[in-house]
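Structure, as structure tokens:
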Amino acid sequence: MKPSNRLTRRQFLRRGALGSGWVAVAGAALTASRGRGRAAAADANPFAYDLGNAAHTDPKLIHYETAAAFASGVGDARRLAFGPGDRLHVAGKTAITILDLRGAKLQEIPLAAPARCVAVGPDGMIYAGLRDHVEVFDASGRKLASWESPGKKVWLSGLAVGEKGIFAADAGNRVVLRYDPAGKVTARIGERNKQRNVPGLIVPSPYLDVALGPDGLLRVNNPGRHCIDIYTPDGDLELSWGKPTAAIEGFCGCCNPIAIEVLPDGRHLTCEKGLPRVKVYSATGQFDCVVAGPESFPENAKTGSISDKSDGVLGGLDAAVDSQGRICTLDLVTGRVAVMKAKAKV
Amino acid sequence: MNPPIPQFPRSRRQFLRDGARAAALTGLGGLFALTAERAGGRPRVWQIDPQKCVRCGNCATHCVLEQSAVKCVHAHAICGYCQLCTGYFEPEPNELNTAAENCLCPTAAIKRTYVEDPYYEYSIDEGLCIGCAKCVEGCNRFGNGSLFLQVRHDRCLNCNECAISKACPVDAFQRIPADHPYLLKTMAHGA
Amino acid sequence: MKALAEIRGSGGRFAGLTRAVVALVLLCLATLSSLAEQRFPPPDFVETNHQIPATATPGARALWLQYGDIVVLAAALGVALWLIYRRRSRPGLVWLSLFSMAYFGFYRNGCICSIGSLQNVSLALADPSYSISWTALAFFVLPLAVALFSGRAFCAGVCPHGALQDLLLLKPLKVPAWLEHGLGILPFVYLGIGVLLAATGSLFVICEYDPFIPIFRLSGRAVMVGAGAGFVLLSVFVGRPYCRFLCPYGALLKLGAIVAKGRVRVTPDTCTQCRLCEHSCPFGAMREPESPPVTPAALAGGRRRLALALVLVPVLILAGAGLGSRLANRASLLNPTVALAARLSREAAAPVPTGPLSPDDFALARARENPRALTADATAAQRRFAIGTPLFGGWLGLVVGAKLLSLALHRRRSDYEPDRGSCFGCARCFEFCPNELVRRGLTPAAALPALPTPRT
């Protein structure tokens, strides 16, 4: 008689319970290992990009405080400029918006294409830099002219109006064009020229800006060389100052500064991207103070932040200064304008 | 040679078995038809959407292969060719040379070649790259964003469920048709 | 540039030159195209006239190679069938197993495999937006179709996992019957879990916990490599442990083989009841002749057991479904979207961390950007689990009930033959039969006792 293969019910249940117990132990071990592996991976990034202390600004160096903050009033705001009467002009996707310093919209000049830069002459004439050409409006917003595009690869990213003409910063061709009031190009400034000892503008990304100082000289940012070039309106290079460093007194990253303005007393105002900072330098390029550090632009400081801009431009900042020395900063990522006034000296 | 089926009165069982088999075959056929309706198109492969990637570093550590199939890729047309490349150098290099203390890449996979003053070309040696995205982070923060991570299909095994895609915190992995297996950037900081 | 990917995939002697020419043409076209106008222009290399290189795009595995895998699978299945039923050759199956291990295992790295393909099919059925490849579908359907006609020929020599375990079996131990029955439920449980987690779009658990893939790939997580080593060691002593006690696709093949038309017979002609093959199967698949109980007491006892089992089946199904629906919320946390949504609601008030962010921080930050969309996705996933877990629970109940039912049923068997569902077709038992030895010409027919008349 062959031993029966069959189990009694009790045997089956007991052994089944034992077996289930073992399976449960094994399953628990596997799940625990899975959980632990996941937790370890989620804890830290061993390849994190560390900026160290550069992201924090020493509060003693910040000499400005926010007096007002408001939305720019137009989508994809790129540049700021002050006009007569300290009216703030904002170049945006659909229009040039004119605001007062409390943020109230005074006027809007609709445009056919996005404006990348704007400048206002002392006579109230508004020059809007669209991507490849300049359009001229009068103070009431009536379109007066649309200048011819200077050629191929034009990417206008900065405008300044002076006595000797209207200066347009063409980032695409790495040159500053001098226009006469009729719209004719009368000079090309900043182009590489060995005879004139001009090393040339190095512009890796579309952030070329131009500003005129009270001494009549042009300031142009040279982002690839981390410096500010000072030219005569005819194109002679007078002075170049600036150094590459992530520390507060220099220009961080690979291509900074991205915007340049001149304060009424001749000091320079610069903006940087990557570590968004707005700083003041002396007339000869010595570091003076910080207007706003990366802490003031939290969304802008996040890498790879909002890219709804169709031309692939990363965030960035712009700044403008009015006749009273008040500084307005524009955050390209959030579209917010902040009016900064100097802190009372302690 | 198989023996003849025994003449056992198991016709009921045989009938049940035949019926079950027919039902199973019908079921299988139906399943096949239903799934085939959704099948088709090219086979799919895994790829990273560079717009979504946040450079978390998981690509280097979660691939089932020892050396990750994800590599950094350079879109040279977007690059600014900067002398001080923030994808190559540490945020504050002591000097602009190839010393390891100044370089960002943990495996020295990114090579710097002089073109003309002051332009340098940067290229990735895929044999050394581990896909950690440190250079991608530096490039996207300060620069034009011409460096980005992509799954390299001469290395990827195309697992049924990509282990990196499961670990990706922002769901940047997609299954895209194998005949266009890359999502390359064509514009700085944009698509 | 996208056409480059296709061109680079092809071979040929002048492929390099062709590629370079096409690349140059495409580069010129690209620079002239409107795309370049929208992009900020790169620097002008006036001194050296340096050309900006294009990004290399090495192509994915060619399509014809993928379809080639299906052809190889079909051919291997055909060869396996021929080896089991016509040639009845164990050495042939060993060679086939080696080939399958080399091709499907080490060359294809074990992916895509039939075991994992059931997850692809489950997901494709549950999610209309999931696109399944023809390869995955073929790998699912072909071995099952073969099983419905001729048993588990796939397991015999085509599946690389099975081949690996089978070739390593050196000193088989007998697994006691109670353990065999108990663990025999596990493949069906694993099948249910795999289908549930795949159909809800949560994860491919079979792929993640496959112990042999790290061996084929020669790399993997430490835990899984360890598990693989453990299974390999176990395979030396216990025949085909993964196949018998875990493989979810094997559960489907078993069901198919039970209703199959053809079956493996130990003897090439009539069984003489010599009992030489009784303990020949290393996988515990050999069954002895059985007849129904003759005494009225035993018959009544058997009928009572059968009635109890029949009654238990629906009870177990309902109980399982009930239990499953209770566990729906806990189970849904296995879905990464649901887990992230739960984390978001837990850590809604947590401050935003500064400094370098960990991957978990990134996940939470992304969740915070669009909480409504995440919650909507998580709710949809939980709804899928609410449907799936009772079904899974009911399935568990059905599996346990079916096992009890099968223990209560009597088979009528006159010969020693392998169990339809459990037999892998490995052809080991053939050479134990004297009739087989006669067929092979190894024993003269005269040496055998006279064949009795066939039993009725």
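The values are calculated or read from the model by the stated rules, or taken from the named source; none is laboratory data. All figures in this text were calculated on a predicted structure; none of them were measured in a lab. Here the Cβ positions follow ideal geometry from the backbone for every residue, glycine too, while neighbour counts run over all protein chains shown.
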Selection within the stretch A:75-99 - touching a Lys or Arg at 6+ places or on another chain (Cβ under 8 Å), free of Cβ contacts under 8 Å to residues at least 60 places away in the same chain and farther than 21 Å from A:Leu269 by Cα | A:Gly92, A:Thr97, A:Ile98
Within the stretch B:4-20, restricting to residues that are modelled with pLDDT under 60 and facing another protein chain (nearest Cβ under 9 Å), the one that is surrounded by the fewest Cβ atoms within 10 Å (Cβ to Cβ) is B:Gln7
So is C:Gly110 under 25 Å from B:Ile176 (Cα atoms) and in contact with a helix residue (DSSP H, G or I) (Cβ under 7 Å, 6 or more places away or on another chain) or not?
-> yes
Qualifying position, being of a type outside the set (S, T, N, Q), surrounded by 19 or more Cβ atoms within 10 Å (Cβ to Cβ), facing another protein chain (nearest Cβ under 7 Å) and in contact with a strand residue (DSSP E or B) (Cβ under 7 Å, 6 or more places away or on another chain), among B:Ala167, B:Ala188, B:Ala133 | B:Ala133
Taking C:Pro293 as the residue in question, decide whether it is out of contact with any Ser or Thr (no Cβ under 9 Å at 6 or more places or on another chain), under 30 Å from B:Pro169 (Cβ atoms) and within 14 Å of chain A (Cβ to nearest Cβ).
-> no
Quick one: which strands (runs of 3 or more DSSP E) lie wholly within the stretch B:64-127 and hold at least 3 residues that are within 14 Å of chain A (Cβ to nearest Cβ) and out of contact with any helix residue (DSSP H, G or I) (no Cβ under 8 Å at 6 or more places or on another chain)?
-> B:110-116, B:119-124
Go through (1) over 15 Å from the mean Cα position of the chain (by Cα); (2) crowded, with 24+ Cβ neighbours inside 10 Å; (3) more than 9 Å from chain B (Cβ to nearest Cβ) one by one and return the number of the condition C:Ser114 breaks.
-> (1)
Among residues of the stretch C:200-214 being among the aliphatic types (A, V, I, L, M) and surrounded by fewer than 23 Cβ atoms within 10 Å (Cβ to Cβ), the residue farthest from A:Phe12 (Cα to Cα) is C:Leu203
Can you find even one residue in the stretch A:239-253 that is more than 14 Å from chain B (Cβ to nearest Cβ), out of contact with any Asp or Glu (no Cβ under 6 Å at 6 or more places or on another chain) and of a type outside the set (Gly, Ala, Ser)?
-> yes
Determine, yes or no, whether B:Pro43 is closer than 21 Å to C:Cys111 by Cα, crowded, with 21+ Cβ neighbours inside 10 Å and more than 13 Å from the chain's Cα centre (by Cα).
-> yes
Odd one out for B:Asp179, checked against (1) at the interface with another protein chain (Cβ under 7 Å from one of its Cβ atoms); (2) in contact (Cβ under 8 Å) with a residue 24 or more places away in the chain; (3) closer than 19 Å to C:Cys207 by Cβ = (3)
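Conditions (1) within 14 Å of chain B (Cβ to nearest Cβ); (2) surrounded by fewer than 20 Cβ atoms within 10 Å (Cβ to Cβ); (3) among the hydrophobic types (A, V, I, L, M, F, W, C), marked per residue:
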site: A:Phe167; (1), (2), (3): no, no, yes
site: A:Asn197; (1), (2), (3): no, yes, no
site: A:Pro206; (1), (2), (3): yes, no, no
site: A:Val210; (1), (2), (3): no, no, yes
site: A:Leu218; (1), (2), (3): no, no, yes
What single numbered condition from (1) out of contact with any Lys or Arg (no Cβ under 9 Å at 6 or more places or on another chain); (2) within 11 Å of chain B (Cβ to nearest Cβ); (3) surrounded by fewer than 24 Cβ atoms within 10 Å (Cβ to Cβ); (4) within 29 Å of B:Gln174 (Cα to Cα) fails to hold for C:Gln119?
-> (3)
Out of the stretch A:131-168, which residues are within 24 Å of the chain's Cα centre (by Cα) and within 12 Å of A:Lys184 (Cα to Cα)?
-> A:His133, A:Val134, A:Ile166, A:Phe167, A:Ala168
Would you check which residues across the stretch A:1-17 are exposed (fewer than 13 other Cβ atoms within 10 Å of the Cβ) and at pLDDT 60 or above and list them?
-> A:Arg6, A:Thr8, A:Arg9, A:Arg10, A:Gln11, A:Leu13, A:Ala17
May I ask you to list the residues in the stretch B:138-157 that are more than 14 Å from chain A (Cβ to nearest Cβ) and either surrounded by 22 or more Cβ atoms within 10 Å (Cβ to Cβ) or over 19 Å from C:Phe204 (Cβ atoms) (or both)?
-> B:Gln150, B:Val151, B:Arg152, B:His153, B:Asp154, B:Arg155, B:Cys156
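Only one residue in C:Ala229, C:Ala198, C:Ala251, C:Ala260 is under 30 Å from B:Cys162 (Cβ atoms), at the interface with another protein chain (Cβ under 10 Å from one of its Cβ atoms) and either part of a loop (DSSP other than H, G, I, E, B) or at pLDDT 90 or above (or both), so which one is that?
Being under 30 Å from B:Cys162 (Cβ atoms), at the interface with another protein chain (Cβ under 10 Å from one of its Cβ atoms) and either part of a loop (DSSP other than H, G, I, E, B) or at pLDDT 90 or above (or both) holds for just one of C:Ala229, C:Ala198, C:Ala251, C:Ala260, which is C:Ala198.
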Considering the stretch C:347-362 alone, what residues qualify as being at the interface with another protein chain (Cβ under 9 Å from one of its Cβ atoms) and out of contact with any Phe, Trp or Tyr (no Cβ under 9 Å at 6 or more places or on another chain)?
-> C:Val352, C:Thr354, C:Gly355, C:Leu357, C:Ser358, C:Pro359, C:Asp360, C:Asp361, C:Phe362
Any idea which of (1) closer than 24 Å to C:Asn49 by Cβ; (2) surrounded by 24 or more Cβ atoms within 10 Å (Cβ to Cβ) is the one B:Glu116 doesn't satisfy?
-> (2)
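Test B:Arg42 against the stated conditions and say whether it is assigned to a loop (DSSP other than H, G, I, E, B) and away from chain A (no Cβ under 12 Å).
yes
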What residue, of C:Ala124, C:Ala163, C:Ala136, C:Ala102, is part of a helix (DSSP H, G or I) and in contact (Cβ under 8 Å) with a residue 60 or more places away in the chain?
-> C:Ala163
